[in-house]
1. Please state the Cα pair-distance histogram of the chain with 5 angstrom bins from zero: what percent is in each bin?
2. Roughly what would the spin-label model give for I102 and T165, points 7 Å off Cα along C-beta, in nm?
3. So for the chain, taking the charge dipole from beta-carbon charges (+1 Lys/Arg, -1 Asp/Glu), which of A186, S97, L142 sits furthest toward the positive end?
4. Lys and Arg at +1, Asp and Glu at -1: add these up for the other residues within a Cβ distance under 13 Å of P190 and post the number.
5. With +1 on each Lys and Arg Cβ and -1 on each Asp and Glu Cβ, and nothing else charged, work out how big the dipole of the chain is about its Cα centre, in Debye to the nearest 20.
6. Name the residue farthest towards the positive end of the dipole of the chain from the options L48, V124, S219, assuming +1 on Cβ of Lys and Arg, -1 on Cβ of Asp and Glu, about the Cα centre.
7. Tell me which of L71, I171, I207 sits at the most positive position along the dipole axis of the chain, charges placed on C-beta atoms (Lys, Arg +1; Asp, Glu -1).
8. State the extension gain, in nm to one decimal, for the chain segment bounded by F50 and N255, taking 0.36 nm per residue of separation less the distance between their alpha-carbons.
Amino acid sequence: MADKKLIIDGQPEKKNIHEGHRQRLKQSVLKDPELNSFSDIEVLEYVLTFAVPRRDTNPIAHRLLDKFGSLYYVFSANYNQLLSVSGVTQNAAHLISNYFTIFRRICSTRAERNISVKNVRDAVNVLQPYFVARDIEYVYMLCLDVHENLIAVERVAEGDASSITLNKVYIVKLAMKNNAVSVILAHNHPGGYWQPSQSDVNSTIAIGMTCEAMNIHFSDHIIFFEGGYCSFFYGGLLPNSPRGATLENGLMLYNEPKNIVYMNYLS
């Protein structure tokens with residue numbers, strides 16, 4: 001009796017010349033969990049093995065990178081955009097299009113553990129994941145207790161690609177709801193510019209004054225942009241800023257870390 005051939009998409013399955021390649025990819029990941037030795041094509045191949053069964057994922061990875069230009073933009077694409085690429089399955093489109101959302105959700109669970117936020121470096125470590133791959137402006141707030149331990153991370157508002165409206169009363173209510181002793185505000189600039197606008201400065205001053213009037217210390221406002229962040233505290237824009245600080249002092253670039261000792265907010 002002749003062996004039966006597996007039918008895939010209406011065609012008999014052909015012998016896979018890359019048989020064992022998926023297993024070799026997985027073994028390579030175990031040996032190099034940071035993927036430092038992987039090309040962008042190999043990273044995509046690895047991800048696609050979990051969503052595209054019984055096919056060589058290398059050509060699909062090539063087509064995705066050719067269409068979107070980089071890993072970042074592949075994973076930023078939406079479901080329908082991904083499905084338009086030949087070979088991308090519905091499972092693959094779901095997996096890739098939701099990657100950043102899942103990543104942000106995972107990072108948000110850090111707030112469930114005791115985290116101390118005493119300076120801008122601590123604050124950035126908590127806040128940065130919330131702004132990954134955002135194409136519109138969002139505002140988040142850290143609520144801290146008397147020992148500067150993190151109580152909660154609250155999403156305050158969302159806007160459009162270049163602006164957002166802040167309600168200082170709502171922000172104070174959120175802080176009071178969490179019994180916060182101090183707060184740190186943060187928002188992103190999707191356009192990539194680091195400098196705070198005059199509107200950013202004016203609204204921050206108003207929010208800070210309202211918080212202080214309710215005995216809630218306003219420690220900092222941090223602007224995240226592609227490549228780094230800007231701290232109002234270090235930039236000399238807040239009453240508690242270091243003496244003599246200038247706006248440039250508040251600029252921090254991820255690829256050009258400053259050799260500084262981070263001053264505590266409540267020192």
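Bear in mind that the values in this text are calculations on the coordinates, not laboratory data. None of the values given here were measured: they were computed from a predicted structure. Note that we place each Cβ from the backbone using ideal geometry, even for glycine, and neighbour counts take in every protein chain shown.
1. 1, 5, 11, 14, 14, 12, 10, 8, 8, 7, 4, 2, 2, 1, 1, 0, 0, 0
2. For I102 paired with T165, the spin-label model returns 3.6 nm.
3. Selected residue: S97.
4. That works out to -4.
5. Its charge dipole is roughly 720 debye.
6. L48
7. Checking the options against the dipole of the chain, the answer is L71.
8. Here the segment from F50 to N255 would lengthen by 70.5 nm.
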